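The numbers here are math on the coordinates, done by the rules we state, and not lab data. This is a predicted model, so every value here is computed, not measured. Note that each Cβ is placed from the backbone with ideal geometry, even for glycine, and that neighbours are counted across all protein chains shown.
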Amino acid sequence: MKEELIAKAKTVLEGNFQEGGFTIPSKGLYPFQWKWDSGFIALGFAHYDMDKAKMEIVTLLQAQWENGFIPHIVFHTDSDTYFPGPDFHESHLHQASQAAYPSTGMTQPPVFGFVLEHLLRIATDKTDMLQFIDTHIDKIYHNHQYFYENRDVNGDGLVYIYHNWESGTDNSPVWDDIWETMNPPEYTFERRDTTHVDASQRPTKREYDHYLHIIEIAKKYKYDDAHIAAHSPFLVLDPLFNAMLIKSNESLIELYTALGRGRNEIDQLKAWQERSIASLNTKLYNPSLKAYVHYDLRNDRQLPYICSSSFAPLYTPAPDKTRVKELIQTMLDKFGGAERYLCASFDPTHANFNPKKYWRGPVWINMNWIIHHGLKKQGQDFLAERVKEDSLELIA
Ligand code: DGY
């Protein structure tokens, strides 16, 4: 069965690979290059075609802005099957954007530090891979610098996201509390997603009004970070996003060390890391829920929901032994009944759990990859194996 699954996985990847040297996440629904998807796609290619793995990263980094920002979608090609496209996002409004690479003006979780670390682990030709890393690592560092210098509004090492699409967990019930604070206009537009996917699995029209409204505000300020921080109704500290940053910091430190260079970068990364870890554990941990949660900066409150993002910090050095134990207990109690696959994207015991609607229940395979590696990092091999087996069974 394993061989068959691998063959099918390759067919999907090859079918999604585009002439321009990048890979789309999903035919029809997502016809461009998406940032964090590309990280996981590179990991897939690395197991059998390292050139394509590298190419995936190179084509994404071509679109990196002068200020270190990496966009969430790069519109390398035209396609009228997706809304909102480049004409809506207008990334050219930001002075540091890349004129040759129309993109969105929002980003996604910073996965590339640890993606590079895994590429080195998987590569058979380590010298060649170290050379590749040497060429690209400073761009990833610059991306982290962008986050700490522009999105850490309280100077406590936690960086904000200003749109649900930046989280990666687009449609999570966690955002419902933010939508309640907003009253956007009714926009007129033609949805394209529901042409490809059953509407019952996708967000509502009103939810899209919220999504578009935040982008309109960001555009009004030409995607300037300081203005977005001051005016966006959506300003959130996300445990997944910050965990990915912390994990990637750790990987960058390791990779610079392996390269034998980057002393200043390593010192800076360690300083960021210390602050980020301390604040993740204070501001984003909820001791009664025994889980990491989101923090709504605009309304100064924790958003008390448990979702798969709550477990992402397992993949970082942040949780101590007690926290690890608590997180695992929460995972088993709420997400892990014998009749369930690990790990639902939202708390299955919560009234807002929906096993069909995306990010409101269904298992998301990239999250399972993160949780699997997180559990392994924390020495929880037994549960890590269950997440892996569940994932394989679901895919099959
Ligand atoms: C969407 O669902 O269209 C978002 O762009 C996902 O990132």
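So which lysines pass the test for Lys357, namely a Cα distance under 27 Å, with those fewer than 8 places away in the same chain ruled out? Straight-distance partners of Lys357: Lys8, Lys10, Lys27, Lys35, Lys205, Lys290, Lys334, Lys388. Result for the chain in a Gaussian network model with C-alpha springs under 10 Å: among Tyr187, Tyr211, Tyr141, the largest mean-square fluctuation is at Tyr187.
For the chain, what does the alpha-carbon gyration tensor say about shape, rounded, prolate or oblate, given a ≥ b ≥ c as the root eigenvalues, a/c under 1.5 as rounded, and a/b over b/c as prolate? Intermediate values should be presented prior to the final figure.
Working: a/c = 1.12, a/b = 1.03, b/c = 1.09.
The shape class here is rounded.
Compute, for the chain, the length of the dipole vector about the Cα centre, with Cβ point charges of +1 (Lys, Arg) and -1 (Asp, Glu) only. Units Debye, rounded to 20. Before the final figure, lay out each step's value.
Working: 40 positive and 53 negative charges, 146 e Å.
With Lys and Arg at +1 and Asp and Glu at -1, about 700 debye.
With Cα atoms defining each centre, the stretch 1-62 and the stretch 159-198 are spaced 26 Å apart in the structure.
Since only Ala46, Pro71, Ser310 are under comparison, the one whose Cα sits farthest along the positive direction of the charge dipole of the chain, derived from C-beta charges on Lys, Arg, Asp and Glu, is Ser310. Taking the chain as a Gaussian network, Cα atoms linked when under 10 Å apart, which of Thr104, Thr23, Thr282 shows the biggest mean-square fluctuation? Looking only at Thr104, Thr23, Thr282, the biggest GNM fluctuation is shown by Thr282.
List the aspartates and glutamates whose Cα sits under 12 Å from the Cα of Lys2, skipping any in the same chain fewer than 8 residues away. Partners within reach: Glu389, Glu393.
Ranked by the mean number of other Cβ atoms within 10 Å of their residues, highest first, the peptides 90-98, 52-60 fall in the order 52-60, 90-98.
Once backbone amide H atoms are built at 1.01 Å from N, Phe346 has Ser308, Gly361 as its partners under 5 Å, excluding neighbours fewer than 5 places away on the same chain.
Explain nothing, just the number: dipole magnitude of the stretch 273-385 about its Cα centre with +1 on each Lys and Arg Cβ and -1 on each Asp and Glu Cβ, in debye rounded to the nearest 20. Each step should come with its number before you reach the end.
Numbers: 15 positive and 10 negative charges, 43 e Å.
Using Cβ point charges on Lys, Arg, Asp and Glu, the stretch 273-385 gives about 200 debye.
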